[in-house]
Amino acid sequence: MPAISSANYGSFFSKFCTLRKTIFTYALITSPLLALFAVSPFFIFDVLDLKRGFGFFISVQISVILYWLINHYLFVIREKEFRWNFILLSYFLTFFSNILKAPFQSFVQFRGVVEQYLVQPIAMTIVLNTLILLIINVIVGESKRQKADRTIATLRMQKLEAENQVLMRQLQPHFLFNALSILKSLIQENASMAETYTVKLSDFLRYAVESHQAEMVSIADEMAFVENYVALQKIRFEEAFTFEAELPADIMSYRVPVFALQTLVENAFKHNYFTEKRPLHIRIEAEAGCLKVVNNIVSLKVTERAGTGLENLSKRSAFLTEKPIDIIQTDTQFQVLLPYVSP
């Protein structure tokens, strides 16, 4: 006989716990109702008095619990499919389980009544077991559907992450090329500013690398990343844009998808033509469980508005926070509401 591995034992124990939980949840709820359904004809036709009827009710309730145990073992613990051979086995075992009731039936003294109406206990067993099979089939089907939904959600998230990685790989060379070109110019023109720029660029890249595998980060960490990014852009664009963030301290530990705020701020730079005479204004504030990122629309770069980054961010947000981002655009303003969740 093969030895039971610790993994198999753990799986069995997990299934046993699931059985116990399911039995307590469904069997205890349905057994009184099904038992009442089974004995009601005896009361309707005055076959049993109250005392004997109560004993019969308890007996049927025990039967229902036994039927639950049998079917739960077959179709949940043993994970059998609902095929005709296992369904027949279910009916055979439920009929056989009635033998266990014999001592109790004699004790409550209603055997004569049941024997008088011989077809009733047979039909009752068939009906009760059929109802339990239908309930378990629904439970198992719903469990499989939820498992499939979780698998699909995981695959969708993996696809989004892969798309994000592709986008990051596409954007990083362009960003680094611009950053190094600016650094080269600063070294020649302003050594002090070049040093500051190098520190900001280092912090920016360190966060990008360290948070690469994270799904959610605190608002405080993401804001520090955004501020480093804005500082780099400030050296590049100088007075051509303004940036302000007004966030209460009590939400800074809340979490958002990684790179979410930076993506929204970057979009404002990427999709607008702006100059010192026609500056870009970016603002981040809190609003009803969301971070609101707002920028004025200066002059759209129509050829670059593919929307892939925002679409991916919305899907990531929906997966991680159960809420997608909300985009509101007018002729003069573009704003995005990014949901955040508790730490």
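Total residues in region 246-260 satisfying the condition of being outside any loop (DSSP other than H, G, I, E, B) and open to solvent by 60 Å² or more (accessible area, probe 1.4 Å): the figure is 4.
Among the residues of region 213-245, write down those that are outside any helix (DSSP H, G or I) and either free of Cβ contacts under 8 Å to residues at least 12 places away in the same chain or open to solvent by less than 40 Å² (accessible area, probe 1.4 Å) (or both). Before you say what the answer is, go through the steps one by one.
First, pick out the residues of region 213-245 that are outside any helix (DSSP H, G or I): 213-218, 241-245.
Passing the criteria: Q213, A214, M216, V217, S218, F241.
In region 265-282, the condition of being more than 25 Å from L205 (Cα to Cα) and either touching a Lys or Arg at 6+ places or on another chain (Cβ under 7 Å) or among the aromatic types (F, W, Y) (or both) is met by at least one residue.
Restricting L131, L205 to those that are surrounded by 14 or more Cβ atoms within 10 Å (Cβ to Cβ) and at pLDDT 80 or above reduces the list to L131. Looking only at residues of region 288-326 that are touching a Leu at 6+ places or on another chain (Cβ under 7 Å) and at pLDDT 90 or above, we find that the one that is farthest from P248 (Cα to Cα) is N296. If N228 satisfies all but one of (1) at pLDDT 90 or above; (2) over 21 Å from L337 (Cβ atoms), what's the number of the condition it fails? It fails just one condition, (1).
The values are calculated or read from the model by the stated rules, or taken from the named source; none is laboratory data. From a predicted model like this one, the values you see are computed outputs, not experimental measurements. Cβ atoms come from the backbone with ideal geometry, glycine included; neighbour counts cover every protein chain shown. Each accessible area value is taken on the protein alone, full model and side chains, heavy atoms only, with ligands, DNA and RNA left out. Shrake-Rupley method; radii C 1.70, N 1.55, O 1.52, S 1.80 Å.
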